[in-house]
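Notes to accompany the following structure.
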Amino acid sequence: MLPALREAACDVSVVLPCLDEAAAVGTCVRDALAHLEPLDLDVEVVVCDNGSRDSSPDMAEAAGARVVHEPRRGYGSALASGIGAARGRYIVMADADGSYDLSTVSLMLGQLDAGADLVMGNRRRGSIARGAMPWLHRYVGSPLTSLMLRLFFGRNIGDPHCGLRAFTRDAYRRLALQTTGMEFASEMLARAARLNMTIAEIPVNYHPRSGVSKLRSYRDGWRHLRFLLMYSPTWLYMVPSAILAVVGLTLLTVLAMGTFELFGRQWDMHLSAIASMLTVLATQIAWLGISARTLAAVHGFDPPDPFLVGFYRHFNLEKGLLMALAVFATGGALTANVVWSWASSGFPSLDAIRPLLLAVTLIIVGVQCVFNAFFLSLLGVETRAVEPR
């Protein structure tokens, strides 16, 4: 479990996660203190050392920081531990590698004073020095994450990977962040969007870091992408399921009535087999999506959304079984019709494969619905967390 916040005892805490940053951490601490000194505030700098093998903790302490230690490796672990030890009413997070220009911190604090819950630095609106950011991050990773945040959560964040951020103590409590790796930064934005927090952006300048970078572009990029997808069950499960269901059921229904010609080709039972597969996949993906959303709500990882509340307002095991029985019975009736026609004709070579594929698909979907209804009912032991009040 990540550390809980203490009560506020000063105005501003600057938190710097640190791993082998002896070349820059002292300068970062001094810069933070120097830029905040004119504001006449009670300020502290907290450096959370994440297992450095160099003199980083000593350098940070000598520069005026309070050093805490976090043995569990990970960007999120170090930040959560540092923030948990912080005593400020406002909390600023940055990196200890000298890459961020901390002169903009006062502007970020001004946005918090004006009512923002979270203030993001935006390097794209500021300046990025030559060699400070790899082209893959600048032109692929950051724009892609911005697009996903806009699409999945309805928030337009210009630089979602910027590590210079400021937030209120209360906002951090409400965020209840859980992740321990680089995806901590994405979780902060996703949860802030879900909680409808006020997010502001300030242009910041970005410089080449001191020392060796700890980032691993592909691994860390995948962790961000994985988290955003996992945190967006509508886009991960429900949208693909809906597309597959529409395509699969449409093709199955059309082909059950006969072949058709399109693009100069005759489409027959081979396409029916593919359509059957798409329909079965769509059903299972949809059930998985509902189960995932339920588990997330039950365990407090994600607040219940209107879809989930509405679903559980109408769903119970008995209704699920009735739906499954209706689908199964439809498939059984179609199968019986095919068998009756076959028997009535003296059992010739069976040529009613297309309607039989539709019938078998409905039977499979009906069976899926039975077992998934029982599974959701099992989860429903705890679904008071998602029921409407």
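Key figures
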{"read-out": "Selection status of LEU325, at pLDDT 85 or above and surrounded by fewer than 16 Cβ atoms within 10 Å (Cβ to Cβ)", "value": "yes"}
{"read-out": "Subset tally (residues that are in a helix (DSSP H, G or I) and at pLDDT below 90) for the stretch 336-358", "value": "14"}
{"read-out": "Count - residues of the stretch 185-234 that are among the β-branched types (Val, Ile, Thr), outside any helix (DSSP H, G or I) and over 30 Å from ASP20 (Cα atoms)", "value": "2"}
{"read-out": "Qualifying residues in the stretch 216-233 (those that are loosely packed, with under 14 Cβ neighbours inside 10 Å and modelled with pLDDT under 85) - the one farthest from GLY154 (Cα to Cα)", "value": "ARG216"}
{"read-out": "Residue among ARG124, ARG138 that alone is part of a helix (DSSP H, G or I) and either out of contact with any helix residue (DSSP H, G or I) (no Cβ under 6 Å at 6 or more places or on another chain) or under 16 Å from ALA94 (Cβ atoms) (or both)", "value": "ARG138"}
{"read-out": "Residue that is crowded, with 21+ Cβ neighbours inside 10 Å and among the basic types (Lys, Arg), where the choices are ARG87, ARG123, ARG130, ARG72", "value": "ARG123"}
{"read-out": "Verdict on LEU195 being surrounded by fewer than 18 Cβ atoms within 10 Å (Cβ to Cβ), aliphatic (A, V, I, L, M) and closer than 24 Å to LEU229 by Cα", "value": "yes"}
{"read-out": "Output for the stretch 141-168, where each listed residue is of a type in the set (Lys, Arg), under 23 Å from ASP97 (Cα atoms) and part of a loop (DSSP other than H, G, I, E, B)", "value": "none"}
{"read-out": "Top-ranked residue in the stretch 169-184 [being in contact with an Asp or Glu (Cβ under 6 Å, 6 or more places away or on another chain) and part of a loop (DSSP other than H, G, I, E, B); ranked as nearest to ILE199 (Cα to Cα)]", "value": "LEU177"}
{"read-out": "Test for MET59: is it without any contact (Cβ under 8 Å) to a residue 40 or more places away in the chain and buried (at least 21 other Cβ atoms within 10 Å of the Cβ)", "value": "yes"}
{"read-out": "Any hit, the stretch 112-119, residues being in a strand (DSSP E or B) and modelled with pLDDT of 95 or more", "value": "yes"}
{"read-out": "Cross-chain or 6+ apart pairs with Cβ under 8 Å, the stretch 263-274 first and over 16 Å from GLY248 (Cβ atoms), then basic (Lys, Arg) and part of a loop (DSSP other than H, G, I, E, B)", "value": "none"}
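Yes/no per residue for (1) farther than 22 Å from LYS214 by Cα; (2) not aromatic (Phe, Trp, Tyr):
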| site | (1), (2) |
| --- | --- |
| PHE152 | yes, no |
| ASN156 | yes, yes |
| ALA166 | yes, yes |
| GLN178 | no, yes |
| ASN196 | yes, yes |
| ILE202 | yes, yes |
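The values are calculated or read from the model by the stated rules, or taken from the named source; none is laboratory data. What you see is a predicted model; the values in this text were computed from it and never measured. Here the Cβ is made from the backbone with ideal geometry for all residues, glycine too, and neighbour counts use every protein chain on show.
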